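Heads up, the thing below is written out as structure tokens.
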Amino acid sequence: MKKSEISETFTRVYLSVVQILVKLADTMFLFCELGRGSGKTTHILAPRLDRVQASMLGSIVVLAADTYRSIFDNILPGILEYFNEHYERGIYFEIGKEPPIHFKKCYTYIADWKHTISFCNGCVVQFVSCDRPESMLGKNAAHLLVDEMLRIPEDKFIERIIPALRADRSKFGDSPYFMGISGFSSTPNFETDEDWFLEYEKNMNKELVDCIQEIAYEIDLRLQELEIEKKSLNWQRAKQLEKFVERWTKRLSMFRKGQTFYLRASSLSNLKILGIDYIQNQMKSIKDKDKLYTSIFAIRKLKVKDMFFGKFGKPHLYDNGYDYEYIDQISAGDKIEDSAKHLRYYDKKQPLYAGYDPGPFSSIVFAQRKKQAKEFRVLKNMWVIHPDQQEELAKKIDDFFKNHDKNQKVIYLHYDRAANQRDPEWKKYYPNAKPAGINDTDAILLKKELTALGWTVHLMSKNQKTIYYSQHYRLLNLLFGKNDGKRDTILIDKNECEQLVSSINHSPLKRHEGRIWLDKSSESLPFDEQIYNSTQIATALLYLLWGEFHKLLPDSDQDTVVPQGAGTYSARG
């Protein structure tokens, strides 16, 4: 057959080597540890889902994540991009509503279709998450797809997600995907991320997987030839090819059962699509080597740093911070409003406590005190970058907390002493601005903007004396150390304060001439890189914790007379 005739028979589609290897292996257990830009969702996870659902008619497939909200915000858009590109909605698949009448019935009764993806063969995808144990109730899944496994603790995966795998073997047991797991993740940072799933790599029989991929490749070649022969009306050759495909497809299915394919690949695997410029720009912009190695080059980091927040760890994070009453009312595919009303531990009738670090990169964190439970919960972090400043930050705050009780719109604002003045190099960023007046300090400017929006702001750090890093360090060790039950436990929302947690873990301890310092060299990074990879947002937390808890320290730490700065900012940090 001529090349032009072949091109009319088939659609030409580019896949990276990684995407091809996954498609060829397609084992019962699939785990992919992939760098940024590798097409994980649109070209690997979504096609895998497509093959799984096509193999188990009328089954339930579970899509899992660390939080239910993450499914809506981060996973569904990529899945829908794939299915909308390749199929007709309402004909082949449907999302967020009861499927059309021509769809086959699922073996499991579905009462609520708002949070489902359904297919014409009766297969239905349902959502579960670690922060919603009830989402697993009644699930009888034939296959499990999990995204961003580095955010999911092992105990919650085993206790809350794995139990959903319990479908009827008599109905779906012939499928190579039955009772399988498809897991996807970025490369974890061993200091901050979950890494238990790396153990699955040991389960891979590489020789058998290589054999599976070779057989799958040969079958694909025969399928291509089969279509060509059918178009040429060469029925004798077509019948031979059909027998070959049928015989080896059954064998391939048998080989895939019980097998694991674990793949780790960097962003370079998709270089033809990303382009060398993408990799070069990532290398230039990501100054933090740890972040560069894990997110781009898929290199596992082993080194443990000596951190300023030395006793901070996973026990001080909570991942059940979402109240899903509103989200349960919307359909899959709808956009979720970013608002404090979704936060489980947010009380709109209680005041907010904030830590503020001003400057060309301004950051702020918010918390509320739960007196009865003896908890101090950090609910949210925010930031603005030059040229945005107090006006834009105040608007962000008011938008997020817009449901706060009008009679209780109170903020207790803690900040470093630098916020009692203007940045000495502020003219560098505002060359056309008039000289600041005596009442135009950073803290007062933010207070003015918030007051105009209906908030009452108490400035808690007026005339504040010098605070040394050693004092901060001792307080942090106390707050994040073992709690005797006589003081508040500090808890941080893992999902809403993702940047804060990253900032804490990018806050190295520096010792010099017997003194303890917070190494703030990361604040010389480009502003957009400082969000995750600098001490900026962690510093805002530092001021909040000092303001609220410094009295827990001995009297010797309560006063100092040497007017040397401790945590003031300069133009870039």
task: Roll a 1.4 Å probe over the protein chains and send me the accessible area per residue for region 35-130 in Å².
output: 38
- request: Show which aspartates and glutamates lie in cross-link reach of residue 486 when reach means a straight Cα distance below 17 angstrom and same-chain residues fewer than eight apart are skipped.
  value: 375, 548
statement: Placing each pseudo-label 7 Å from Cα in the direction of the beta carbon, residue 12 and residue 254 end up separated by a distance in nanometres of 3.9
query: Given labels modelled 7 Å from the Cα in the Cβ direction, how far is it in nm from residue 89 to residue 448?
result: 4.7
query: Using the Cβ atoms and a cut-off under 14 Å, what net charge is assigned to the surroundings of residue 369, where Lys and Arg are +1 and Asp and Glu are -1?
result: +2
- request: Whenever you get a sec, compute what percent of the accessible area on region 46-190 sits on carbon and sulfur atoms (1.4 Å probe).
  value: 50
task: Would you mind working out the accessible area per residue for region 363-419, using a 1.4 Å probe, and quoting it in Å²?
output: 41
query: Per the 1.4 Å probe, what fraction of the accessible area of region 322-371, in percent, lies on carbon and sulfur atoms?
result: 40
task: Among the aspartates and glutamates, select those whose C-alpha is under 17 Å from the C-alpha of residue 239, and discard any that sit fewer than 8 residues away in the same chain.
output: 218, 220, 225, 227, 229
message: How charged is the neighbourhood of residue 510? Take every other residue with its Cβ under 10 Å from the Cβ of residue 510, and add Lys/Arg as +1 and Asp/Glu as -1.
response: +1
query: Suppose R0 equals 51 Å; then what is the FRET efficiency for residue 405 and residue 528 from their Cβ-Cβ distance, rounded to the nearest 0.05?
result: 0.90
query: If the label point is 7 Å along Cα→Cβ of residue 328, which residues in region 114-146 have backbone nitrogen under 19 Å from it?
result: 114-117, 126-140
- request: Could you compute the FRET efficiency for residue 478 and residue 202, with r as their C-beta to C-beta distance and R0 at 41 Å, rounded to 0.05?
  value: 0.50
message: Using amide H atoms built in the peptide plane, which far-off residues or other-chain residues are under 5 Å from residue 259 H to H?
response: 28, 29
- prompt: Using alpha carbon centroids, what distance separates region 9-58 and region 217-243, in Å?
  reply: 24
message: What is the sum of charges, Lys and Arg at +1 and Asp and Glu at -1, for the other residues whose Cβ falls under 14 Å from the Cβ of residue 100?
response: +1
task: Rank 198, 221, 234 by how far each Cα sits towards the positive end of the charge dipole of region 192-236 (+1 on Lys, Arg Cβ; -1 on Asp, Glu Cβ) and give me just the farthest.
output: 234
query: Between residue 166 and residue 230, how many nm apart are label points set 7 Å from Cα along the C-beta direction?
result: 4.1
message: Charges at C-beta only: +1 for Lys and Arg, -1 for Asp and Glu. How large is the resulting dipole of region 103-185 about its Cα centre, in Debye rounded to 20?
response: 360
query: Taking a 26 Å limit on the Cα-Cα distance, which of the listed pairs 105/335; 402/482; 371/406; 40/257; 311/348; 114/341 fall beyond it?
result: 105/335; 402/482; 311/348
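How do the peptides 64-72, 447-455 rank, highest first, by the average count of neighbouring beta carbon atoms within 10 Å per residue?
Numbers: 64-72: 23.3, 447-455: 16.2.
Taking the mean over residues of other Cβ atoms within 10 Å, the ranking is 64-72, 447-455.
The values are calculated or read from the model by the stated rules, or taken from the named source; none is laboratory data. Because the structure is predicted, anything quoted here is derived from the model rather than measured. No Cβ is skipped: glycine too gets one built from the backbone with ideal geometry, and neighbour counts run over all protein chains shown. Remember, those area values only see protein heavy atoms, side chains included, never the ligands or the DNA or RNA. Shrake-Rupley method; radii C 1.70, N 1.55, O 1.52, S 1.80 Å.
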